[in-house]
Amino acid sequence: MLNLNVKINASEKTYPITINNNEIKDLYYEITNIIGKNNFLIVISQKVYKLYGKILNFPKNKTFILKDGEKEKNFKTYQKILNFALKLKLTRNDFIVAIGGGVCGDIAGFAASTYMRGIHLIQIPTTLLACVDSSVGGKTGIDTDFGKNLIGSFYQPDAVIINTNFLKTLDDRQFKTGLGEVIKYAFIEKSCKCPEEYNLINFLSLNSENILAQDDKIIEELIKSCISLKISVVEQDEKEGGLRKILNFGHTYAHAVEKLTNYKKYTHGEAVVKGIEFVFNYAQKMGIIVESYKFIAEDLIKKYNFKKIPDFDIKKVISVMKMDKKATSENIIFILPIDYALVKEYKMFDNEILKYFD
Ligand code: GLY
């Protein structure tokens, strides 16, 4: 039986991240062990509720079922969650428990961070993407018409519980969207300055068949490596003043793709993979990396057969990228590959990008 317990230190708070493959019904006890006699609100994704609601057996009157999809991560739903918490008369000692993918964790986390200026939060990610990235590190938020995650907070949970059994019911596309973030970690690994060395590029390249077949042991190893890299980054720079920006590798272009397609056509992970391809191309055209490293990246990505995203009109992409919250009024910020598993932040003007892609 797998049972890993790592700790992360952020916001002067240390919290456990447990990775296990216990029976899903045990989650009730794992959660109530943390919550004790305090009150709680469960925010659970509809899909997860349909599959596991009965087994989890949480009281219905304390359960907010969150409809699925990025478009639910909005002001209205956020307000509904807060009203639910108010109706339950939650106090500052009480808990919000998020059970679902990235959307669920982000919006429930944001509600927890603002309800009475912050109540306790437990993150239970049920998708690969949420396991390896969004549930750890304290980013919470909602989307607006102006872009994704423009309203949010840094708010560390009290615990993260990852039960890998949830991943067994993910469809292929949902599973692969998580792999998009996993691939991101491979190309930023050395910049994460983690004491452990994983050589994820190699690992992903050698184990692609087992990973795509969702081999339990390999997936657990993968989750642990990605989380360790994320912990290392967040502990060094919780509020994204510097180092944490590397976690946005591939994301500048990806956010533009998602916005241009109304968050409907491609999953986040698919867009991130397109963004990674873009920065590899860009870095090679600029002479920052050698062509052979770009080929290594392309070969690795090819092994996972992600949904192909066509090139977008670069001028349109630039205008959307300029609205990204990480952009300044003049510059667009890219995290570019500079060497094997190493990346660096670059601030670019429109014309510098157009020079290579127009
Ligand atoms: N997902 C990027 C970050 O947590 O900073």
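Fewest-first ordering of I35, I55, I332 by other beta carbons within 10 Å of each residue's beta carbon gives I55, I35, I332.
By definition, a body whose alpha carbon gyration tensor gives a ≥ b ≥ c is oblate when a/c is 1.5 or more and a/b is not larger than b/c, and segment 83-171 fits this oblate description. Projected label points at E330 and T144, each 7 Å from Cα along the beta carbon direction, are separated by 2.5 nanometres. The helix-based estimate of mean residue ellipticity at 222 nm for the chain, built from -39,500 (n - 2.57) per DSSP H run of four or more residues and divided by its residue count, is -13000 deg cm²/dmol to the nearest 500. Among the helices of the chain, those built from whole DSSP H runs whose Cα atoms reach 27 Å or more along their own axis and whose mean Kyte-Doolittle hydropathy is at least -1.0 are 216-236.
Sorted fewest first by neighbouring Cβ atoms within 10 angstrom, D133, D94, D311, D215 come out as D311, D215, D94, D133. Each label point was placed 7 Å from the Cα along the Cα-to-Cβ direction; for N210 and K316 their separation is 4.2 nm. Extension gain, K307 to K71: 0.36 nm times the residue separation minus the Cα-Cα distance gives 82.8 nm.
State whether segment 298-358 is rounded, prolate or oblate according to the following rule on the C-alpha gyration tensor (a ≥ b ≥ c being the square roots of its eigenvalues): a/c under 1.5 gives rounded; otherwise a/b larger than b/c gives prolate, and the remaining case gives oblate. Oblate, since a/c reaches 1.5 and b/c is not below a/b. Exposed loop sites here are GluC sites (Glu not before Pro) assigned a DSSP state other than H, G, I, E or B and surrounded by at most 14 other beta carbons within 10 Å; excluding them, the longest clear run of the chain is 24-195. The spacing between segment 70-86 and segment 269-304, judged by their C-alpha centroids, is 38 Å. Stretched out straight at 0.36 nm per residue, the stretch from R117 to K87 would grow longer than its current Cα-Cα span by 9.1 nm. Taking the fewest neighbouring Cβ atoms within 10 Å as the starting point, the ordered list for R244, R173 is R173, R244.
The Cα atoms of the chain give a gyration tensor whose axes a ≥ b ≥ c have a/c of 1.5 or more with a/b greater than b/c, which makes the shape prolate.
All of the numbers you see were taken from the coordinates with simple rules; none came from a lab. Owing to the predicted nature of the structure, the values given are computational and were not obtained by experimental measurement. Reconstructed Cβ throughout: ideal geometry from the backbone, glycine too, with neighbour counts over all protein chains shown.
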